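Only one structure is covered here, and it is reproduced in the block below.
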Amino acid sequence: MVTIITDTASDMNAEDYERLNIVPISLSVTFGDTTYLETRELTKDIFYDKLLNTKDYPTTSQPTPEDFRNIFTEATKDGGEAVYISISSRLSGTYATAKFVKDDGGFDRVYLVDSKIATGGQLLLAEHAAKLRDRGKGASEIAEELQYVASHIKLYACLDTLAYLAKGGRLSHGTAFMGNLLDIKPVITFIGDELSVVGKPFGMKNGMRLILDMMKKHIPDPNFPTYILYTYDSTNACSLVDMLKDFGGFNVSRDFLLNVGAAIGSHIGPYACGIVYVEE
C-alpha cells in the first residue's frame, strides 16, 4: 500500500484530503500570541478575516520532526510505502525537516518530492500522485513521475496590493506605497524554484493580459486541470477566467477556483488572482 502525504501549503480543503485519500500534515500559522494548525484549526475564511481585520502580521511555521516521524511510522508499518510532496524547499524548511526524519529514522520506503512550488501546483502533484497510486503504481514510480511533472508546472499570479510584501519584509514600505499609488499590479511566477517577477503592469486588467500572454507562450497540457487562484475574494479570478476563455480560447472553468491559503496568501494579500497548470 502506498500512502500519499502532503502539507497544507497545497491549499487542499479537509474534504479534498478525504476524497483523494491523502494524508495532510499541517503547517502552523501564528497571529500575535496565538498559533493555529492550518486546515484543522484555521480555515481559509478565518485566516483572511484575521489577515484583514487584526493588526498582527501572520507567520507560518513548518511541521515538527515528531509530526513527520509519526506519519512516516504509520505509513510504513506492515511493509507500506509513502510519497511525501512538500512545499518548495526555497519557501520553507519543511522539506529539509522531512528529509532529516527520513534519514535519521531509516524510512527507506518513504520517498520525498520537492514540489518546487506551493498552492495549486502542489495540489496538482498530490492529485496526480493519488491517481497513480489508484492505478497500482509503487512509491518509487510515483515519485519519479512527480519529479517530471513538477518541472513542467507553470504558475502566474497578479497581485492587487504590495502592502503585504512590505509587511513581510520582502519589499520596502516606501516602494510598496509608490507602487500602490501608481496602481502597479506585479505578475509573479516560479522560475525553477525561485519566485520571480514577470512584469509590473499598471492596473489589474493589464496584469490579466500579461497572464494570458504567458499562457499563450506556455500551452497547458489538457491531461491536467488548470486551477484559477485567488486570495480571499474570487471577483478578479472570475474576470480572469472570462478573459482566458474569450480572448485566449482556453478551456478554463470557475469549477477549478482555488482559494490560496496562509503559506502564500500572507505574503501576497487579498484580491490577487492567477493560474497554475502543467505545460505541454
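The values are calculated or read from the model by the stated rules, or taken from the named source; none is laboratory data. Only a predicted model underlies this, so the values are computations on that prediction, with no experimental measurement involved. Positions of Cβ are generated from backbone atoms using ideal geometry, with glycine treated the same way; all protein chains shown enter the neighbour counts. Surface areas here come from the heavy atoms of the whole protein model, side chains and all, with no ligands, DNA or RNA. Shrake-Rupley method; radii C 1.70, N 1.55, O 1.52, S 1.80 Å.
Structure values in brief
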{"quantity": "Length-normalised contact order of segment 209-280 in % [C-alpha pairs under 8 Å, at least 6 apart]", "calculated": "51"}
{"quantity": "Listed residues His128, His267 arranged by accessible area, highest first, probe 1.4 Å", "calculated": "His267, His128"}
{"quantity": "Euclidean distance of C-alpha centroids, segment 219-235 and segment 109-155, integer Å", "calculated": "18"}
{"quantity": "Inter-label distance for Phe100 and Thr35, nm, one decimal - labels placed 7 Å from Cα along Cα-to-Cβ", "calculated": "1.4"}
{"quantity": "Residue range of the chain that is longest and free of trypsin sites (Lys or Arg not before Pro) which are both DSSP loop and sparsely packed (at most 16 other C-beta within 10 Å)", "calculated": "171-280"}
{"quantity": "Solvent-accessible heavy-atom area per residue, rounded to whole Å², over the chain at 1.4 Å", "calculated": "46"}
{"quantity": "Debye log10 I(q)/I(0) at q = 0.09, 0.10 Å⁻¹ for the chain, Cα point scatterers", "calculated": "-0.41, -0.51"}
{"quantity": "Computed [θ] at 222 nm, helices only, for the chain once each DSSP H run of length n ≥ 4 contributes -39500 (n - 2.57)", "calculated": "-12500 deg cm²/dmol"}
{"quantity": "29 Å Cα-Cα threshold exceeded, pairs from Lys99/Lys217; Lys167/Lys217; Lys154/Lys185; Lys131/Lys205; Lys167/Lys216; Lys131/Lys167", "calculated": "Lys99/Lys217; Lys167/Lys217; Lys131/Lys205; Lys167/Lys216; Lys131/Lys167"}
{"quantity": "Candidates Asp160, Asp33, Asp49, ranked by Gaussian network fluctuation over the chain, Cα under 10 Å, top entry", "calculated": "Asp33"}
{"quantity": "Accessible surface of the chain [probe 1.4 Å, protein heavy atoms]: carbon and sulfur percent", "calculated": "49"}
{"quantity": "Among Thr54, Thr73, Thr161: highest mean-square fluctuation, GNM of the chain, C-alpha pairs under 10 Å", "calculated": "Thr54"}
{"quantity": "Space enclosed by the convex hull of the alpha-carbon atoms of segment 8-59, per residue, Å³", "calculated": "65"}
{"quantity": "Acute angle (nearest 10 degrees) that the helix 235-248 long axis makes with the longest principal axis of the chain, alpha-carbon atoms", "calculated": "90"}
{"quantity": "Per-residue SASA entry for Tyr271, accessible area with 1.4 Å probe, Å² rounded to 10", "calculated": "80"}
{"quantity": "Set of aspartates and glutamates with alpha-carbon distance to Lys50 below 18 Å, sequence-local pairs under 8 removed", "calculated": "Asp11, Asp33, Glu38, Glu41, Asp233"}
{"quantity": "Amide H contacts under 5 Å for Asp221, placed H, 5+ residues apart", "calculated": "Val278, Glu279, Glu280"}
{"quantity": "Over segment 188-280, volume per residue of the alpha carbon convex hull, in Å³", "calculated": "103"}
{"quantity": "For Thr6, distant residues with modelled amide H under 5 Å away", "calculated": "Val23, Ile25, Ile85"}
